[in-house]
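Trainee: What follows is a single structure, and I will ask about it in a moment.
The values are calculated or read from the model by the stated rules, or taken from the named source; none is laboratory data. Because the structure is predicted, anything quoted here is derived from the model rather than measured. Cβ sites come from the backbone with ideal geometry, for glycine too, and all protein chains shown count toward neighbours. Note: accessible area is taken over every heavy atom of the protein model, side chains too, but ligands, DNA and RNA are not part of it. Shrake-Rupley method; radii C 1.70, N 1.55, O 1.52, S 1.80 Å.
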Amino acid sequence: MLYGTPLLRNVTLGTLIAGGLALSASAMAEPQGLYSSDELLDADVYTAADNREIGEVEDILLDNDMRVRALVIDTGDLLDIDGDQEFVIEAGQFSVETYNGDSLDDIEYRVTVDMNGAQISQQPAYDNDWWRNARQGAHDAWEQTKEGAASAWDTTQEGASRALDNIGKALENVGRKTQEAAE
């Protein structure tokens, strides 16, 4: 499994540190500041509405900036859906509570999804179609961002160049009028 590689574990851990996960104030008074992706995997997941256990964290999805984009929740048969289901829960729709955060050997996480069971079952299923579409959508968004940034840079350069030209002409005009006045 890729999560066992030191590089990916360090990248994922760094990502979690960067603040991709929201903490619930009921578990800790202050943000922990450091989270273990290894311990987050398989953490129990509950609904906020009725505090019902609905599954566990199956995967952590990162974006190009290595920030947490979503969690994949394996609901098993806990949502009364035929067969096991895995749903994508976007960042901002869940919180993570930390227990025993002072000890790596005893650390535990509890994930709370800000939805009820029916709303969770309406989230995208984590399958190959979702993966391909999400990757393409993220790639397209990245390309549009790059194009928009390049266009903004070009516009800024053109505007700055015109402003400098106008300043230069104004200085030439002031210099000529000053010379004419001196004569």
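Trainee: So for segment 168-180 (the condition being among the charged types (D, E, K, R) and open to solvent by less than 80 Å² (accessible area, probe 1.4 Å)), does at least one residue qualify? I'd like the intermediate steps shown before the answer.
Mentor: We begin by selecting, within segment 168-180, every residue among the charged types (D, E, K, R); these are 169, 172, 176-177, 180.
Applying the additional criterion that residues be open to solvent by less than 80 Å² (accessible area, probe 1.4 Å) yields none.
No, there is no match, as no residue in segment 168-180 is among the charged types (D, E, K, R) and open to solvent by less than 80 Å² (accessible area, probe 1.4 Å).
Trainee: Look at Ile54 and say whether it is among the hydrophobic types (A, V, I, L, M, F, W, C), at pLDDT 90 or above and buried (at least 19 other Cβ atoms within 10 Å of the Cβ).
Mentor: Working: among the hydrophobic types (A, V, I, L, M, F, W, C): yes; at pLDDT 90 or above: no; buried (at least 19 other Cβ atoms within 10 Å of the Cβ): yes.
The answer is no for Ile54.
Trainee: Looking at Asn128, Asn166, which one is polar (S, T, N, Q) and modelled with pLDDT of 85 or more? Steps first, please.
Mentor: Values: Asn166 fails: modelled with pLDDT of 85 or more.
After ruling out the rest, the residue left standing is Asn128.
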